[in-house]
Amino acid sequence: MKAPADLAATVAWNEQGLAPAIVQDAASGRVLMLAWMNAESLRLSIEEGRAIFWSRSRGQLWRKGESSGHVQTLHEVRLDCDRDAILLRVEQTGGIACHTGRESCFFLRLDEQGWQTLFTNLSRISDVCKAKGVTAVLHPHWGTMVQNVDEVERVLDNSTVGLCLDTGHLACGGADVVALVAKYADRVGIVHAKDVRMDMAAKLLPGEINWSQGIKGGMFVPIGDGDIDFATIVRLLDQAGFDGYWVLEQDIMLDEEPPAVGGPINNAAKSFEALKALA
């Protein structure tokens, strides 16, 4: 392997001084993840013998596994023929590379035919439910086939199913929740009201934290303490004639029995009062 400085000098970095880095299991050959590197992260990766990336959202170095323990021990570095993409061959500690807890970030498999089948069946389900007086909705959820905002919009644009407006999961999937409601207010069948600290949620898609770490770190907070604009959401849904249920949610992890006085119930009460003030 070349000296770190020599290798970094041969990379065709983009205008931000970055290049995509594909991470591959050195033993199995399986692609584990995609991240970004700059000259410093590449140099340090080689010097320290572990994968170190550049976090675009935080604007700083990101040592893979620093908080989760899922360190990637570096075996080899390669460049593609254009020298604008990096391949890291690694040994993955714990067998988990993805922040969803999976071996690889590339676990989703849905081709175009699969999407069309999904759209057709969602519309069929919606029609059957409607005939029975029931509203069918799709609940976009972290770690599922319909997680990111582009996937949510694709489903809504190509099927008749309603939307479970889970403000937390949608925000974590990259949605501007207010913009989404403004566009699809007439499709909302139920609201799962979660408030979110977006400074933490923004670390999910780049893989800087996983879902469990976000929850443990206080990513979800009582309504009014986070960054979701519930006042505008309530107004837009009222204008659209929404008369469905609002379900209060706040994901937390308990390490022990909550106290008899206080604890999660106080957060629920605070969220209830915040929403009631907007009614």
Original post:
Do you know which residues across region 1-19 are at pLDDT below 90 and not in a loop (DSSP other than H, G, I, E, B)?
Top reply: Pro4, Ala5, Asp6, Leu7, Ala8, Ala9
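Residue-wise test of (1) acidic (Asp, Glu); (2) under 30 Å from Ala9 (Cβ atoms).
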{"position": "Val90", "(1), (2)": "no, yes"}
{"position": "Ala97", "(1), (2)": "no, yes"}
{"position": "Asp111", "(1), (2)": "yes, no"}
{"position": "Leu118", "(1), (2)": "no, no"}
{"position": "Val128", "(1), (2)": "no, no"}
{"position": "Gly133", "(1), (2)": "no, no"}
{"position": "Ala136", "(1), (2)": "no, no"}
{"position": "His141", "(1), (2)": "no, no"}
{"position": "Val146", "(1), (2)": "no, no"}
Subject >> helices (runs of 4 or more DSSP H) contained in region 161-271 and holding at least 2 residues under 14 Å from Trp142 (Cα atoms) >> reply: 167-172, 211-216
Subject >> Matching option when the condition is among the small types (Gly, Ala, Ser), touching a Lys or Arg at 6+ places or on another chain (Cβ under 6 Å) and assigned by TED's automatic domain parsing to the domain that holds Trp13, among Ala85, Ala51 >> reply: Ala51
Subject >> Qualifying residues in region 210-246 (those that are hydrophobic (A, V, I, L, M, F, W, C) and touching a Cys at 6+ places or on another chain (Cβ under 9 Å)) - the one nearest to Ser67 (Cα to Cα) >> reply: Trp211
**OP:** Would you tally the residues in region 116-142 being in contact (Cβ under 8 Å) with a residue 40 or more places away in the chain and either assigned to a loop (DSSP other than H, G, I, E, B) or not assigned by TED's automatic domain parsing to the domain that holds Ile190 (or both)?
**Re:** 4
**OP:** Could you list, in sequence order, all residues of region 50-79 that are part of a loop (DSSP other than H, G, I, E, B) and at pLDDT below 95?
**Re:** Arg56, Ser57, Arg58, Gly59, Lys64, Gly65, Glu66, Ser67, Ser68, Gly69, His70, Val71
Original post:
Among (1) modelled with pLDDT under 95; (2) closer than 24 Å to Lys270 by Cβ; (3) surrounded by 15 or more Cβ atoms within 10 Å (Cβ to Cβ), which single condition is Val191 missing?
Top reply: (1)
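The values are calculated or read from the model by the stated rules, or taken from the named source; none is laboratory data. Note that the coordinates shown come from a computational prediction; the quantities given were computed from them, not determined experimentally. All Cβ positions, even for glycine, are placed from backbone atoms using ideal geometry, and neighbour counts span all protein chains on display.
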